[in-house]
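Shown next, in structure tokens, is the structure this report addresses.
Computed from the coordinates by the stated procedures, all read-outs in this text should not be read as laboratory data. What you see is a predicted model; the values in this text were computed from it and never measured. With ideal geometry, Cβ positions are generated from the backbone for all residues, glycine too; neighbour counts draw on all protein chains shown.
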Amino acid sequence: MKVAIASGKGGTGKTLLSVHLFDNLMQSGEQVVLVDCDAEEPNDMIFFDGKLIDEAEVLQQTPIIDTDKCTFCGKCHEYCNYNAIFYLPPASMIHVIDELCHGCGACNVACKFGAITERPLSLGVVRNYQIRPNARIVESRIKVGVMTPVPLIKAGLKQIRNEPFVLLDSPPGTSCPFIHTILDADYVILITEPTPFGLSDLKQSVETLKTVGKAYGVIINKAGIGDSNIYDYLKNENIELLMEIPFDKEIAYHYSKGELLTEYNPKLQSDLNNLLNNIHKKYGTSNN
Ligand code: SF4
Ligand code: SF4
């Protein structure tokens with residue numbers, strides 16, 4: 001079963017939830033892998049000691065233009081959907097902006113003058129960590145300056161083997177990185193906070209999940225702050241409130257030190273256990 005943990009905005013507790021769900025499954029002996037798809041800020045590994053078992057660079061074929069062969073016909077510029085080709089014919093200037101290039105190859109197809117060749121460009125790395133014999137963490141990490149984490153996310157997802165339980169720590173937001181992470185998920189847990197920002201971003205996440213037809217439910221983190229508008233919204237939209245995590249100084253204190261809350265907050269752990277069992281019963285392919 002694949003469960004994605006997502007949020008419309010950063011800072012709502014997505015990592016907190018991901019690492020504790022992972023720890024819960026690991027402690028109960030499940031074969032589990034957590035894929036940290038938040039490639040711009042992967043931090044799940046902060047909470048675990050693990051052995052790096054492999055690391056692979058993610059490469060993208062990126063064009064280079066030979067200005068001696070180029071006739072400045074402009075076809076490649078026209079074909080590029082990502083505005084990655086800087087083209088200034090009066091000054092005989094043309095070059096590829098590596099940071100914007102998506103490696104689609106369209107410019108190469110467009111050029112009839114053999115002026116375009118390709119070279120591999122590093123976008124980042126995917127790392128595999130063994131945490132316990134039954135538990136792995138896969139971490140996608142983008143290189144500074146690279147514009148889109150999507151190739152890193154795809155490469156990370158390819159590292160899923162035959163673990164019966166897969167957790168996906170999604171990047172925040174509702175754009176391409178989020179979509180690529182949750183596309184294959186059986187269930188999405190949205191985590192939010194009871195504030196106007198939390199509600200606004202939750203609404204966007206919900207609309208996106210409705211469009212892609214995913215089953216989902218909501219966890220409210222930092223319950224006790226903000227207002228009740230989010231509860232009204234969930235009720236009116238008939239969206240399942242899976243659980244609440246209280247706004248608690250002790251949680252913030254241990255979390256900020258990169259510590260798991262298991263030993264400090266047994267209630268949180270048992271709530272997460274129930275949550276996983278319920279989701280598995282309802283949406284898993286086989287019940288425990
Ligand atoms: S490979 Fe695709 S994205 Fe990159 S410059 Fe060529 S057309 Fe644009
Ligand atoms: S298509 Fe080829 S020849 Fe035309 S502008 Fe691009 S690189 Fe130059």
TODO: First select every other residue whose beta carbon is under 13 angstrom from the beta carbon of Arg119; then total the charges, Lys and Arg +1, Asp and Glu -1.
DONE: -3
Task: Degrees between helix 266-283 axis and first principal axis of the chain (Cα, 0 to 90, nearest 10) - done: 70
Task: the chain - share of DSSP beta bridges that are antiparallel (%, nearest 5) - done: 45
TODO: Determine the dipole magnitude for the chain: charges of +1 sit on the beta-carbon of Lys and Arg, -1 on that of Asp and Glu, nothing else is charged, the reference point is the Cα centre, and the result goes in debye to the nearest 20.
DONE: 580
Task: Amide proton proximity set for Asn221, modelled H, under 5 Å, gap of 5+ - done: Thr192, Glu193, Ile245
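Per residue, how big is the convex hull around the C-alpha atoms of the chain? Give it to me in cubic angstrom, could you?
Numbers: hull volume 44.5 nm³, N = 288.
Convex hull volume per residue, Cα atoms: 154 Å³.
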Task: Contact order relative to length of the stretch 210-288, as percent, for alpha carbon pairs under 8 angstrom and 6 or more apart - done: 24
- [ ] Give the order of Leu167, Leu275, Leu59, Leu261 when sorted by the count of other beta carbons within 10 angstrom, beginning with the fewest.
- [x] Leu59, Leu275, Leu261, Leu167
Open item on the list: Based only on other Cβ atoms within 10 Å, what is the fewest-to-most ordering of Leu121, Leu168?
Closed with: Leu121, Leu168
Open item on the list: Below 8 Å, C-alpha to C-alpha, sequence gap of six or more: please give me the relative contact order for the stretch 182-226 in percent.
Closed with: 55
TODO: Grab the DSSP H runs of the chain that are 4 residues or longer, score each as -39,500 (n - 2.57), total them, divide by all residues and round the 222 nm result to the nearest 500 deg cm²/dmol.
DONE: -9000 deg cm²/dmol
Task: Val109-Gln130 FRET efficiency (beta carbon distance; Förster radius 30 Å; 0.05 resolution) - done: 0.10
Task: Ordering of 64-73, 28-37 by burial proxy (mean other Cβ atoms within 10 Å per residue, highest first) - done: 28-37, 64-73
TODO: Find the relative contact order for the chain and round it to a whole percent, using C-alpha pairs within less than 8 Å whose residues are 6+ positions apart.
DONE: 26
Task: Area projected by the alpha carbon convex hull of the stretch 62-120, averaged over all directions, nm² - done: 3.5
Open item on the list: Lone cysteines in the chain, defined as no other cysteine's Cβ under 4.7 Å from theirs: which are they?
Closed with: Cys37, Cys70, Cys73, Cys80, Cys101, Cys104, Cys111, Cys176
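Taking 35 Å as R0, compute the FRET efficiency from the Cβ-Cβ separation of Met147 and Lys267 and round it to 0.05.
The pair Met147/Lys267 has a calculated efficiency of 0.25.
With a sphere of radius 12 Å drawn around the Cβ of Ile189, what net charge do the other residues whose Cβ falls strictly inside it have (Lys, Arg +1; Asp, Glu -1)?
Result for the neighbourhood of Ile189: 0.
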TODO: Please give the length that would be gained between Lys203 and Lys235 if that part of the chain were fully extended, namely 0.36 nm times their separation in residues minus their C-alpha to C-alpha distance (nm, one decimal).
DONE: 10.2 nm
Task: Between the stretch 30-91 and the stretch 159-186, the alpha-carbon center distance in angstrom - done: 19
TODO: First check a/c for the stretch 1-138, with a ≥ b ≥ c the square roots of the eigenvalues of its C-alpha gyration tensor; if it is under 1.5, answer rounded, and if not, answer prolate when a/b is larger than b/c or oblate otherwise.
DONE: prolate
Task: Potential extension, Glu259-Gln27 segment - 0.36 nm per residue separation minus Cα distance - done: 82.0 nm
Task: FRET efficiency estimate (nearest 0.05) - Cβ-Cβ, Lys51 to Thr211, R0 45 angstrom - done: 0.65
Task: Which of Phe178, Ser92, Leu241, positive extreme of dipole for the chain (C-beta unit charges) - done: Ser92
Open item on the list: For a protection proxy built on the mean count of beta-carbon atoms within 10 angstrom, sort 105-114, 3-12 highest first, please.
Closed with: 3-12, 105-114
TODO: Using +1 at the Cβ of each Lys and Arg and -1 at the Cβ of each Asp and Glu in the stretch 62-120, identify which of Gly114, Gly103, Thr62 lies farthest towards the dipole's positive end.
DONE: Gly114
